[in-house]
1. Among the listed pairs LYS186/LYS346; LYS377/LYS473; LYS219/LYS377; LYS127/LYS177, give every one whose C-alpha distance is greater than 20 Å.
2. Could you give the length gained on full extension between TRP128 and LYS93, defined as 0.36 nm per residue of separation minus the Cα-Cα distance, in nm?
3. Can you give me the distance in nm between label points at TYR420 and ASN233, each placed 7 Å from the Cα along the Cα-to-Cβ direction?
4. Could you run the Karplus curve 6.51 cos²θ - 1.76 cosθ + 1.60 with θ = phi - 60° over the range 359-364 and give me ³J(HN,Hα) per residue in whole Hz, x for Gly and Pro?
5. Using 0.36 nm times the number of residues separating LEU185 and LEU77, minus their current alpha carbon distance, what extension gain do you get?
6. Could you sort the peptides 446-452, 396-402, 356-362 by per-residue average Cβ neighbour count (10 Å cutoff), highest mean leading?
7. Can you order the peptides 281-294, 432-445, 77-90 by their average number of other Cβ atoms within 10 Å per residue, highest first?
8. With θ set to phi - 60°, apply the Karplus curve 6.51 cos²θ - 1.76 cosθ + 1.60 along the range 456-468 and write out the HN-Hα couplings as whole Hz, x wherever there is a Gly or Pro.
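Values in this text are rule-based calculations from the coordinates and carry no lab data. Treat the numbers as computed from the prediction; the structure is a model and nothing was measured. For neighbour counting, all protein chains shown are included, and Cβ atoms are generated from backbone atoms with ideal geometry for every residue, glycine included.
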Amino acid sequence: MRKKLLAAAVAASLTLTSGTTLAAKNPFKDLPEGHWAYDAVTMLAEDGVLEGYGDDTFRGDRLMNRYEMAEIVSKALEKYDIARPADKGAIKKLQNEFAEELKDMDVRLKAVENDVAEMKKGMSSFKWWGDARVRYFKNKNLGMVSGSSSDVHNSQWKTSNSNEMRLRLGFYGEPAKQLSVTGQLKFETDKIASSSTNGVGGGTSHASGYTAGNISYQKVGVQRLQLDWHAKNDFTVSAGRNEVSLGQGLIYWENPIDAIMVRKNFGDTASLLVGYGDASPGTWAQTSDYAFFANASYQLSPAVKLTAAYYASHSDDNNGVNNVVETWDNGNTWHSNYNSILVSRKFKQFAYGFNAQLAPRWNLVAEGIHNGADVTKSTAATGTTDTALDNNDRNGWWTRLTYGNLKWNEGGTWNVYGEYLSLGGLAVDSSGWAHHLNIAGGNGYGGAGAKGFGLASNYMLAANTNLEVAWYKLKPYREQPGYSKYKDTGYAALTYSF
């Protein structure tokens, strides 16, 4: 019976070559038992060189195509080295008979192996990471005070101390050739304690008996979900919630924009980025904040990189700057003089900067900025609109000098830096705070701006565990009636990554 099953397998395959159609009732019709292929398959099966489908049969009750027969021959070839001389001759004859099918099978097998390799590559390329930060911020909202000894201040931006926690989880993968995806989830919580009489927060009671509570908020969301197509000629097309950094950071730095953007690298020397999208995920605008942005960088030398950045956006939102002057008079009566200002959220920012490695431990970063947007300002009490904002408020610059050799993956390393800034109220977005600065840069977009200096230090307590302490002494870029300086501000932060 086994010989008949073997003969059926060979008969089915060989008759396909000759073009003869076999009747299902008699698969042996055109293959006599003396045919060389019948004898070869029978001999190889009896010698244990050929194996069936696992149940000791070749399923001869149906016609086999030539590819199925070639698969059987391929298995016989795997045992060629251990076969006896007579079996080797039979295998060679069968190999010649099914040479085309074996060649095609090899091509298909390589294609499958390549697909599997690509799949494994995609699986091995998947990575995930995370970081967490705990930070205590003193006077985060830049409390304003007057130059006199009287209790005169801007209550909205009065002393506010913030306890903050942030957790971010990210992943990276390559789902297909030339495609990569990067995602990040962020959980952030903030609790602000401040003294105030208008409900902004606080725990200090004034003589009038007002005690305000603490402000707490939590935010959980998708910080990044970016799909990158790495095209030919060093082009990269990105779509989704992209992480964007422009220039040296006065405009936008490592914050999300829902956008489509294109990047072109010119070797290791230069790069150009253009994009358009909604910046509200990074600026916290209540409505869409449509933005066109561009960034160019040029490696002037191994130690110096030049940057130029452009950002233009508009939103239906207005920024509120409530200039509230509160005083005690001689009769111990509390007075508040409200001067609520609304400033339109429009930007047309140009920034030019550089990053220079002056020496192995010395680094200098600087950037200048100008905002040419047609911004309007209105006073809520009177409804009057002012379009002739001070042009000086549109300019600003910032520089940071760093000394040290901080290495994130090496404990005991450190750096210190000092920085100076001079920013008009319209130069940077001190409301959205999507820039690179450690502080907002003012008391709100269109407000008083900020200028002054800060000192900071970073120390790696262990690999991937950083302690940072910063302190700033600032005053308004343009002094306004009722106050002439900000209260000192600073923070201590513990950050670790995994």
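1. Correct reply: LYS186/LYS346; LYS377/LYS473; LYS219/LYS377.
2. So the extension gain works out to 7.1 nm.
3. 4.6
4. 7, x, 10, 10, 9, 10
5. Using 0.36 nm per residue and subtracting the Cα-Cα distance, I get 33.5 nm.
6. Result, highest mean first: 446-452, 396-402, 356-362.
7. Per-residue Cβ counts within 10 Å, averaged per peptide and sorted highest first, yield 432-445, 281-294, 77-90.
8. 8, 9, 10, 9, 7, 5, 7, 4, 6, 10, 10, 10, 10
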